[in-house]
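S.K.: Below you'll find the structure I mean.
The values are calculated or read from the model by the stated rules, or taken from the named source; none is laboratory data. Since this is a predicted model, take the numbers as computed values, not measurements. Glycine gets a Cβ as well: all are built from the backbone with ideal geometry, and neighbour counts include every protein chain shown. In case anyone asks, the SASA skips ligands and DNA or RNA and just uses the protein heavy atoms, side chains included. Shrake-Rupley method; radii C 1.70, N 1.55, O 1.52, S 1.80 Å.
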Amino acid sequence: MTPRHSLPKLNLVVLISGGGTNLQSLIDAIQGGELHAEIRAVLSNEPEAYGLERAKKAGIPTCVLSHRDYLDRSAYDADLAEKIEYFQPDYLILAGFMRILSSGFVQRFQDRILNIHPALLPKFKGTNTHQRALDAGEIEHGATVHLVTEKLDDGPNLLQASVSILEGETAETLRQRVLKEEHRIYPAAIQKLATGEMKISDGQIIWTHNETE
Ligand code: GRF
C-alpha cells in the first residue's frame, strides 16, 4: 500500500443550499487530519446559505449561482458545470444541495458525484425521510453516502450508518441523531476514496480492502 504521506490530496468541490453542517464536518475532518483532501470551492444555489459563512471562515473560496437567474435547468447546470470545472475537482460533494441535477450534468461528472441522503437507501428516497420512516413504523433509520447517478437517490452506496428508532421519537429528534451519523460517515467515505481503499468505476463501487468500517 502507498504510504499515506505520499498520497495526493483529493480535490473537492462542495455544493450546498443551506446550513452546511455536513460541509463543516468535512472541513473539521480535513483540519483534524482525518480526511486527506482539500476543498477547492463551495458553491451554493442559495445566496443566504449559512454554509457559505462556514466556508469563508475556513478560507475556502465560495461562489453563488442562483437558479432563479436561469430560465431552465439545462442552462443552469451548464453554467454550474463550467464553474466547477475551473476548480478541477476529483469529486463533487453534494452536501444538502437541494436541486435535481440534469442527466447531462451527471454524465459530464460520471463516477465523481457523491451525495449524502438522510435515510437507509433504497428506503425513503426523496424528501421528508424522517417523518416517513416514523409513519412506516420502522425500527431503524439512518443515512447513506451514495454515488449520484441519473436516477434520484439511486446510485450504489459507499457507506451507511443506522440508528434505532426510540420510544417517543419525533421527526426532529430522529433528524438530529441521523445528522450526527452523517457527519461521521461522509468524511469517512471520502477518506476511503482518498486512500484508495475504495474506488468508483463505471457506476460501481469497488472495495479494494476489508469492507468493515
Ligand atoms: C442533510 O440531512 C443531508 O442528508 C440532506 O440535506 C441535509 C443537509 O444538512 N441531503 P446540512 O446543510 O449539511 O446541515
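S.K.: Would you kindly identify the strands (runs of 3 or more DSSP E) lying entirely within the stretch 127-213 that contain at least 1 residues that are of a type in the set (Lys, Arg)?
M.R.: Fully inside the stretch 127-213 and qualifying: 198-201.
S.K.: Starting from residues that are within 13 Å of the ligand (Cβ to nearest atom) and open to solvent by 50 Å² or more (accessible area, probe 1.4 Å), keep the ones in the stretch 92-117 and report whichever is farthest from Ser25 (Cα to Cα).
M.R.: Among those residues, the one meeting the criterion is Ile100.
S.K.: Which condition breaks for Pro89 when tested against (1) in a loop (DSSP other than H, G, I, E, B); (2) in the same structural domain as Thr21 (by TED's automatic domain parsing); (3) surrounded by fewer than 20 Cβ atoms within 10 Å (Cβ to Cβ); (4) more than 11 Å from the ligand (Cβ to nearest atom)?
M.R.: (3)
S.K.: Looking only at the stretch 175-211, how many residues end up being in contact (Cβ under 8 Å) with a residue 40 or more places away in the chain, within 11 Å of the ligand (Cβ to nearest atom) and open to solvent by 60 Å² or more (accessible area, probe 1.4 Å)?
M.R.: Counting residues in the stretch 175-211 that are in contact (Cβ under 8 Å) with a residue 40 or more places away in the chain, within 11 Å of the ligand (Cβ to nearest atom) and open to solvent by 60 Å² or more (accessible area, probe 1.4 Å) gives 1.
Condition check ((1) open to solvent by less than 20 Å² (accessible area, probe 1.4 Å); (2) of a type in the set (Lys, Arg)) across all residues:
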{"site": "Glu34", "(1), (2)": "no, no"}
{"site": "Ser44", "(1), (2)": "yes, no"}
{"site": "Ala49", "(1), (2)": "yes, no"}
{"site": "Ala58", "(1), (2)": "no, no"}
{"site": "Cys63", "(1), (2)": "no, no"}
{"site": "Arg68", "(1), (2)": "no, yes"}
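S.K.: Another question about this same structure. Scan the stretch 23-36 for residues that are within 15 Å of the ligand (Cβ to nearest atom) and in contact with a Leu (Cβ under 8 Å, 6 or more places away or on another chain) and jot them down.
M.R.: Leu26, Ala29 - these are the residues of the stretch 23-36 that are within 15 Å of the ligand (Cβ to nearest atom) and in contact with a Leu (Cβ under 8 Å, 6 or more places away or on another chain).
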